[in-house]
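Rule-based calculations on the coordinates, nothing more; no lab input. Just so you know, these numbers come straight off a predicted model, no measurement behind them. Every residue, glycine as well, gets a Cβ built from its backbone with ideal geometry; the counts of neighbours run over all protein chains shown.
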Amino acid sequence: MTLELFRAMMREEWRIHSSLFGSAMFLLFPFVLAAFSFAGSFFLPVLSLIVPLRTLALLVHSTFFLFGASVGSFGLLGREVLNRRFGHASLVAFSSRSLPVSEREILTSFVVKDCVYYLALWVFPFVLGFAAASLAFYPIVLHWVPLVLLTLSLSFLFGLSVVFLLSTIYVRLGKFAAVLAPGVIVAAAVALRIPAETLLPPFLLLLGQDPFTFVLSTLLILVPYALSVAFLEADYAARERRHRERLAGAARGLGFARNLSFLVAKDLLDLYRSEGGFGKVLFTLLLPLGLTSAILSVFLKFIPSADFLLIFSIFLGVISSSIYNWLTEFDMASAYGSTLPLKSSDVMRGKVFGYLLLSPLSPLLLLAVAIARGSPLASVAAALFALAGTCAYSLAITALLGGLAPNILLYNAKNFLLYFALIAPVSLVAFFLSLSSAPGLAAFCAFLLPVSLVFLRKAYRRADSSEALYF
Amino acid sequence: MPTAKSPAILASNMMKSYGPVEAVRGVSFSVAPGELFGLLGPNGSGKTTIVRLLTGQIRPSDGSSRVLGMDPAKDPVGVRSLVGIIPDQANPPSFLTCEEYLEFVAGIRKLGDVSGSITAWFDFLEFSGDRKVLCKDLSQGTRQKLMFAQAFLHKPAVAFIDEPLINLDPIIQEKIKAYMKDHVARGGTIFFCTHALEIAEQLCTRVAIIEKGRIIREGRVADMRKRREKLSAFFMRAVRGR
Ligand SMILES: Nc1ncnc2c1ncn2[C@@H]1O[C@H](COP(=O)(O)OP(=O)(O)O)[C@@H](O)[C@H]1O
Ligand SMILES: [Mg+2]
């Protein structure tokens, strides 16, 4: 029964993605990723001159850990997200409420399915690209490939299971405990002067390659997961809560959005009422930013002319489009077109408006970092310009390529490449300008604003010309 | 507003194909104001595709249509602002409550203050208890009630209904049938897709039978009654007679 359920879920996932943009484009996605990691491997010798290989490996493993953690948090949301996106009818997990399968089995199938998909789509291609490069050019490191495959997969799964456990703690013991538990562990590690990497056993496995670390890593994945499943029930049972009427008031408050006011009010309510509330928007910004800051502070020691704040603002700008992604997570364009007098572009305009309302988050983050680092005023001003330009640009590109479903359309190989081709050169130019001339950077980013407007207009037109509303 | 003579809905040789799949293969018909027109056919025969064409959600590969005098392919928003639609899959926004969803619809349709009629709908379809429940937590039947209220909130001249009564209990079904009959008696038009023949027989003034994207038979239900022919017999004769 469980196996059948698992197969049905795999098929469903496949159908969702392949029906959206053809199975070829979906199948190509991992190859594109492998090609990127293949190309990236050629920088390894150069990078290793600047940063010790061990530090690089730790960074990559932490990235996969955080990636697992974010997939885990999406997966949790996923239960809600999938429910509203595909309705009861098509989601196996929900239609199987009528089958003689326990919720534990459903969740386990769901999690295993997600793991298989993410390992196959992200982790394996990444390692295979690296393997191909080492096969061709540095045969010495070839024996590392299976090991790296193992330790990266374990890092990913570790992140996933930690988040699962945290969410169970959250549901069972409350918000406070969920923040306290990891806080205590990190504080203890700092107090006892335990090196950070000890908290990431899969990385230790890469270093030590001993069976004890392997068993430890595996247990650290299985035990939290088993605990989460054991204490699942209450959190899974449908909570039929009653909610106060807020929409009309919110729409009135958003009157300045004119004919978009109801759309914007609805999007913000979606965000507020779904699991995690507005906090998840901040979280998805902080998580990658924390990581990039860590990476940057390692690298920038070796580039004396670099201004951390400027580079940080470029990263922040590129990442900030995740706010738009969140606003698109909770509805389907088809739900509007099939009943209401709305065009897809109206819906998109509403989401862009919602983005603008939430976007002050980015400059506030930037200012917080600037204050913490005591950055000079001129640098802060240039960074704010850089942020405005890159924010607008990444939003426009995301809307153009991802339409009203950026989190799904990313898995289209063509879109993924186009996204990269449109974002990477601009980020690189901004990066090099940040090294040479802050005013140059500010001017370049000011120029990005009208460019973004052109792309955004194109995104609206494209949304209306497409018939593919059915998700 | 169309005059008594101009049809509420007119389709001329409408076609729609998805790659190699010909979902609708040249369909022509006309529905007059005040008719409760039933489009009957087995699963996959093209009913939902026709509703989507007539409400401007998709564009025809060939042919054209008019709804209240407007071309849904050219002015989908104009058509949808006048008509009411119950789509085949009910997907109200998940994180709004039932009440908020109806307010949302009223807001988008610019209906002004509708709190009175919203309450009336909750009472009429007997789901006041779900007023403050999020749409994602609704049962399938309640969701259909909500979609029904949503479609008729603005008292549309034309309503498109795609298989609406499936999950409703008999009492509510009767209420909805009575409402639909009353709606057309007062000059409204309903385009009703279903494969449930008994319901169509009780409700419709005229039916068309569709199979594999083509309309193979049309008839007035009153004429069948005169001939003492059951709709199911009419249907079987149409499908077999080909
Ligand atoms: N978006 C689509 N892409 C491809 N084929 C479709 C699409 N929509 C409908 N079809 C096909 O068109 C035919 C008619 O479907 P539909 O109009 O939904 O039938 P009905 O509503 O009568 O059950 C079916 O064979 C269906 O598979
Ligand atoms: Mg149908």
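Using a cut-off of 16 Å between alpha-carbon atoms, which lysines can reach A:Lys351, once sequence neighbours fewer than 8 places away in the same chain are excluded?
A:Lys266, A:Lys343, A:Lys458
Which whole number gives the average count of other chain Cβ atoms within 10 Å of the Cβ atoms across peptide B:127-134? Provide the component values of the computation, followed by the final result.
Numbers: counts 0, 0, 1, 2, 2, 5, 4, 8.
What the average comes to for B:127-134 is 3.
Largest first and to the nearest Å, give the Cα extent of the stretch B:88-155 along each principal axis.
28, 22, 22
If each residue's Cβ is checked for other Cβ atoms within 10 Å, how do B:Val51, B:Val83, A:Val116 rank with the fewest at the top?
Details: B:Val51 24, B:Val83 27, A:Val116 14.
Going from sparsest to densest Cβ surroundings: A:Val116, B:Val51, B:Val83.
When you look at the Cβ of every residue in B:97-105, what mean number of other chain Cβ atoms sits within 10 Å? Before the final figure, lay out the partial values.
Numbers: counts 9, 0, 4, 12, 2, 1, 7, 9, 3.
Mean number of neighbouring Cβ atoms from other chains: 5.
So what is the calculated 222 nm ellipticity per residue for chain B, using -39500 (n - 2.57) for each DSSP H run with n of 4 or more, over all residues, to the nearest 500 deg cm²/dmol?
On the way: 9 runs with 88 residues, N = 242.
Computed ellipticity for chain B at 222 nm equals -10500 deg cm²/dmol.
Considering Cα pairs under 8 angstrom that are at least six residues apart, work out the relative contact order of chain A and quote it in whole percent. Before the final figure, lay out each step's value.
Values: 506 pairs, mean separation 83.9, N = 471.
Relative contact order for chain A comes out at 18 percent.
How large are Rg and Dmax for the stretch A:248-471 when only the alpha carbon atoms are used, in Å?
Cα radius of gyration and Dmax of the stretch A:248-471 are 18.1, 59 Å respectively.
List the pairs from A:Lys113/A:Lys175; B:Lys145/B:Lys177; B:Lys110/B:Lys145; B:Lys16/B:Lys155 whose alpha-carbon separation is above 24 Å, in the order I gave them. Provide the component values of the computation, followed by the final result.
On the way: A:Lys113/A:Lys175 28 Å; B:Lys145/B:Lys177 13 Å; B:Lys110/B:Lys145 22 Å; B:Lys16/B:Lys155 30 Å.
A:Lys113/A:Lys175; B:Lys16/B:Lys155, as the Cα separations exceed 24 Å there.
Report the local net charge at A:Val454: Lys and Arg +1, Asp and Glu -1, summed over other residues whose C-beta lies under 15 Å from its C-beta.
Details: positive: A:Arg457, A:Lys458, A:Arg461, A:Arg462; negative: none.
Counting the neighbours of A:Val454, the net charge comes to +4.
Calculate the length of the line joining the C-alpha centroid of the stretch A:406-457 to that of the stretch A:114-133, in whole Å.
Comparing the Cα centres of the stretch A:406-457 and the stretch A:114-133, I get a distance of 26 Å.
Determine the calculated [θ] at 222 nm for chain A from helices alone, applying -39500 (n - 2.57) to every DSSP H run no shorter than 4 residues and normalising by the residue count; nearest 500 deg cm²/dmol. Don't jump to the answer; show the numbers that get you there.
On the way: 24 runs with 373 residues, N = 471.
The helix-only estimate for chain A comes to -26000 deg cm²/dmol at 222 nm.
Tell me, what is the percent relative contact order of chain B, built from C-alpha pairs under 8 Å that lie six or more residues apart?
On the way: 430 pairs, mean separation 65.0, N = 242.
Across chain B, relative contact order equals 27 percent.
Over the whole of A:244-257, what's the average partner chain Cβ count within 10 Å per residue? Rounded to a whole number, please. Before the final figure, lay out the partial values.
On the way: counts 3, 8, 3, 10, 8, 0, 1, 4, 1, 0, 0, 0, 0, 0.
So the per-residue partner count for this stretch is 3.
What FRET efficiency, computed as 1/(1 + (r/R0)^6) with R0 = 25 Å and r the Cβ-Cβ distance, is obtained for B:Asp182 and B:Gln140, rounded to the nearest 0.05? Display every interim value, and only then the final one.
On the way: r = 26 Å, r/R0 = 1.02.
Efficiency computed from Cβ-Cβ geometry: 0.45.
Among the GluC sites (Glu not before Pro) within the stretch B:119-212, which fall in a DSSP loop and have no more than 16 other Cβ atoms within 10 Å of their own Cβ? List each step's numbers first, then the result.
On the way: sites: B:Glu126, B:Glu174, B:Glu198, B:Glu201, B:Glu211; in loops: B:Glu126.
Taking the stretch B:119-212 and a limit of 16 other Cβ atoms within 10 Å, the loop GluC sites (Glu not before Pro) found are B:Glu126.
Fewest to most neighbouring Cβ within 10 Å: what's the order for A:His61, A:His143, B:His195? Provide the component values of the computation, followed by the final result.
Details: A:His61 24, A:His143 10, B:His195 16.
Ascending Cβ contact count within 10 Å gives the list A:His143, B:His195, A:His61.
Taking trypsin sites (Lys or Arg not before Pro) as candidate sites, keep only those in a DSSP loop with at most 11 other Cβ atoms within 10 Å, then name the longest stretch of chain A containing none of them.
Numbers: sites that count: A:Arg193, A:Arg239, A:Arg241, A:Arg244, A:Lys301.
That would be A:1-192.
Give me B:Asp88, A:Asp270, B:Asp137 ranked fewest to most by other Cβ atoms within 10 Å of their Cβ, as a rough exposure proxy. Before the final figure, lay out each step's value.
Working: B:Asp88 14, A:Asp270 21, B:Asp137 18.
Placing the least packed residue first, the sequence is B:Asp88, B:Asp137, A:Asp270.
With a sphere of radius 13 Å drawn around the Cβ of A:Tyr336, what net charge do the other residues whose Cβ falls strictly inside it have (Lys, Arg +1; Asp, Glu -1)? Write down the numbers at each step before the final one.
Numbers: positive: A:Lys266, A:Lys343, A:Arg349, A:Lys351, B:Arg80, B:Arg109; negative: A:Asp267, A:Asp331, A:Asp346, A:Asp464.
Residues close to A:Tyr336 contribute a combined charge of +2.
Where does the Debye-calculated log10 I(q)/I(0) of chain B sit at q = 0.11, 0.13, 0.14 Å⁻¹, using only Cα point scatterers of equal weight, no solvent?
Treating every Cα as an identical point scatterer, log10 I(q)/I(0) equals -0.57, -0.81, -0.94.
Which whole-number percent gives the relative contact order of the stretch A:248-471, counting Cα pairs below 8 Å spaced six or more residues apart? List each step's numbers first, then the result.
Details: 252 pairs, mean separation 59.0, N = 224.
For the stretch A:248-471, the relative contact order is 26 percent.
Which helices of chain A meet both criteria: a Cα extent of 27 Å or more along the helical axis and a mean Kyte-Doolittle score no lower than 1.6, with helices taken as whole DSSP H segments?
Details: long enough: A:2-21 (29 Å, -0.17); A:23-41 (28 Å, 1.81); A:53-90 (50 Å, 0.64); A:144-173 (42 Å, 1.95); A:211-230 (28 Å, 1.89); A:279-300 (30 Å, 1.88); A:377-402 (36 Å, 1.84); A:413-436 (34 Å, 1.72); A:438-465 (40 Å, 0.78).
Length and hydropathy pass: A:23-41, A:144-173, A:211-230, A:279-300, A:377-402, A:413-436.
For the stretch B:215-242 and the stretch B:25-92, what is the centre-to-centre distance using only Cα atoms, to the nearest Å?
Their Cα centres are 23 Å away from one another.
Roughly how many nanometres apart are two label points built 7 Å out from the Cα toward the Cβ at A:Ile194 and B:Ser30?
If labels sit at A:Ile194 and B:Ser30, their model points lie 8.2 nm apart.
Distances longer than 36 Å among the Cα atoms of chain A: what percent of all pairs is that? Display every interim value, and only then the final one.
On the way: 35665 of 110685 pairs.
The calculated P(r) of chain A puts 32 percent of pairs beyond 36 Å.
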